[in-house]
Amino acid sequence: MGIYTEYLGKRWSFPDLEAERKAQLRRISDLRQRDVLVYAADPRVEGPIDIRQEDILPLCEQLTYCQRNEIDLILETPGGSGEIAEQIVRILRERFESLSVIVPGSAKSAGTIMAMAADDILMDEASALGPIDAQLFWQGKVFSADALLKGLDRIKSEVEREQRLNLAYVPILQALSPGELEHAHNALQFAQELVQEWLEKYKFKFWMTHTSTGQSVTDEEKKVRAKEIAQQLCDHSKWRTHGRSIRLPDLQSIGLKITNFGLESPLADAIRRYFVLLQMTFDTTAIYKVFETPVSQIYRFIAPTQAAPAGIPPGQFMSSLLTLACPKCAAEIRVQADLGEARPLKPGHIRFPADNRVTCSVCKSEIDLTEARGQIELQSKARVVSSPAEGEAQ
């Protein structure tokens, strides 16, 4: 029986699921004799799942529960800001003497950049990194900086060859400013230089001899190898798409040594069990981001809203109804946010709290609705009121 099937058959409540997740994290920590920190997001969710500035605070909060000088970072991310990825790495590197990155699922884009700062990268046959391909937002679309620059090079070559400019390219060229082109160049250079620096400084720190010849490895050889790997990971023409999965054999073929945790039975079992439990957590709750250690956790969850139309006309009042799942026990909670003026409560709903905090009636967990209030008020251009409607008991 597979791990996923085994766990599905248990029909655990959320507290049981969380407890088993913690048990597997403790197993990983005990087997590795290191602290373990999880930074994970659900890549299937449409929301703020990327690596971003607001993740720094909860991540640092979790580090207060880490007491050793060596740490394993379990990383599951679709990517995000390269600058924030750099900041997170700097924090970990200043705090710990040794950093390893465990990728049970996938760490793409900026997540791959973070992995390159590890002394050791642990993956198995199902794990994947991704191309380090800076993404730009231009004319309402997200696309590869490398693809933009290479596309312009092709246009330039065609013009030199044909001695004329194809008129179909004119709208594209007119829409591009020198500043945008410089930004594309800088984004690519930043990623490549960062990866090269970290590989040379951390990943190759203990690379002393060539396995084929037994001869000593020079600093210059480390620099050359780091540059080659960084260039290949940043080569959009090699991987073709930003979402491409780069697996163990691919990484080994470009000269990057990866530890296959699948060859270590107890550790492989613990990591795979944790990853299945993490996916089940995402599947059965509104949680979309997890920051945790074996003894602590912070969750981020999406509270779906049915927001009022933008700009409520003066003298007209509406309500926005929210249905959310408690991040602890997954109990359904229905909240009514009245806009402009209090209205009678809908059946089964509670009024939006003045302090933005709701207490689950089942497990008594406290849920912060500050972000939900901000979204509703931004979209409706009206204030959420928390006082009872006229004639309603307080």
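The values are calculated or read from the model by the stated rules, or taken from the named source; none is laboratory data. None of these values were measured; they are calculated from a predicted model. Glycine gets a Cβ as well: all are built from the backbone with ideal geometry, and neighbour counts include every protein chain shown. Calculation scope for accessible area: heavy atoms of the full protein, side chains included, ligands and nucleic acids excluded. Shrake-Rupley method; radii C 1.70, N 1.55, O 1.52, S 1.80 Å.
A few comments on the model shown:
- Residue match in region 320-333 (condition: modelled with pLDDT of 85 or more and open to solvent by 60 Å² or more (accessible area, probe 1.4 Å)): no
- Matching residues in region 222-279 - criterion: being basic (K, R) and either open to solvent by less than 30 Å² (accessible area, probe 1.4 Å) or under 30 Å from M1 (Cβ atoms) (or both): K222, R247, R272, R273
- Check on P48, in contact with a Lys or Arg (Cβ under 6 Å, 6 or more places away or on another chain), open to solvent by 10 Å² or more (accessible area, probe 1.4 Å) and either free of Cβ contacts under 8 Å to residues at least 12 places away in the same chain or not aliphatic (A, V, I, L, M) (or both): no
- Filtering region 77-95 to residues that are open to solvent by 10 Å² or more (accessible area, probe 1.4 Å) and at negative phi leaves P78, S81, G82, E83, I84, E86, Q87, R90, I91, R93, E94, R95.
- Residues that are among the aromatic types (F, W, Y) and part of a loop (DSSP other than H, G, I, E, B) are absent from region 160-178 altogether.
- Filtered residue count, region 9-43, keeping only those that are out of contact with any helix residue (DSSP H, G or I) (no Cβ under 8 Å at 6 or more places or on another chain) and either modelled with pLDDT under 95 or not charged (D, E, K, R) (or both): 11
Results for (1) modelled with pLDDT under 80; (2) among the basic types (K, R); (3) open to solvent by 40 Å² or more (accessible area, probe 1.4 Å), shown as yes or no for each residue.
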residue: D124; (1), (2), (3): no, no, no
residue: I132; (1), (2), (3): no, no, no
residue: Q139; (1), (2), (3): yes, no, yes
residue: V142; (1), (2), (3): yes, no, yes
residue: L149; (1), (2), (3): yes, no, no
residue: K156; (1), (2), (3): no, yes, yes
residue: E162; (1), (2), (3): no, no, yes
residue: N166; (1), (2), (3): no, no, yes
residue: P171; (1), (2), (3): yes, no, yes
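- Looking only at residues of region 5-22 that are of a type in the set (S, T, Y) and part of a helix (DSSP H, G or I), we find that the one that is surrounded by the most Cβ atoms within 10 Å (Cβ to Cβ) is Y7.
- Residues located in region 110-123, provided they are in a loop (DSSP other than H, G, I, E, B) and in contact with a strand residue (DSSP E or B) (Cβ under 6 Å, 6 or more places away or on another chain): A118, D119
- Test: A191 is in a helix (DSSP H, G or I), within 16 Å of A110 (Cα to Cα) and at pLDDT below 90: yes
- Qualifying residue in region 102-109 (condition: more than 29 Å from K205 (Cα to Cα), assigned to a strand (DSSP E or B) and open to solvent by 20 Å² or more (accessible area, probe 1.4 Å)): no
- Unique match (being within 30 Å of E332 (Cβ to Cβ), β-branched (V, I, T) and under 13 Å from the mean Cα position of the chain (by Cα)) among I49, I88: I49
- Long-range neighbours under 7 Å by Cβ, at least six apart or interchain, first residue over 18 Å from A191 (Cα atoms) within region 119-133, second among the small types (G, A, S) and assigned to a loop (DSSP other than H, G, I, E, B): S127/G105; A128/S245
- Test result for I91, among the hydrophobic types (A, V, I, L, M, F, W, C) and either in contact with a Cys (Cβ under 8 Å, 6 or more places away or on another chain) or more than 20 Å from G105 (Cα to Cα) (or both): yes
Here's the yes/no breakdown for (1) surrounded by 15 or more Cβ atoms within 10 Å (Cβ to Cβ); (2) within 17 Å of the chain's Cα centre (by Cα):
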{"site": "I3", "(1), (2)": "no, no"}
{"site": "Q24", "(1), (2)": "yes, no"}
{"site": "R32", "(1), (2)": "yes, no"}
{"site": "D42", "(1), (2)": "yes, yes"}
{"site": "D55", "(1), (2)": "yes, yes"}
{"site": "T64", "(1), (2)": "no, no"}
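- For R68: the one exception among (1) touching a residue at least 40 places away in the same chain (Cβ under 8 Å); (2) surrounded by fewer than 18 Cβ atoms within 10 Å (Cβ to Cβ): (1)
- Any chance G243 is small (G, A, S), assigned to a loop (DSSP other than H, G, I, E, B) and at positive phi: no
- Conditions (1) open to solvent by less than 50 Å² (accessible area, probe 1.4 Å); (2) among the β-branched types (V, I, T); (3) under 22 Å from G79 (Cα atoms); number of the one not met by V217: (3)
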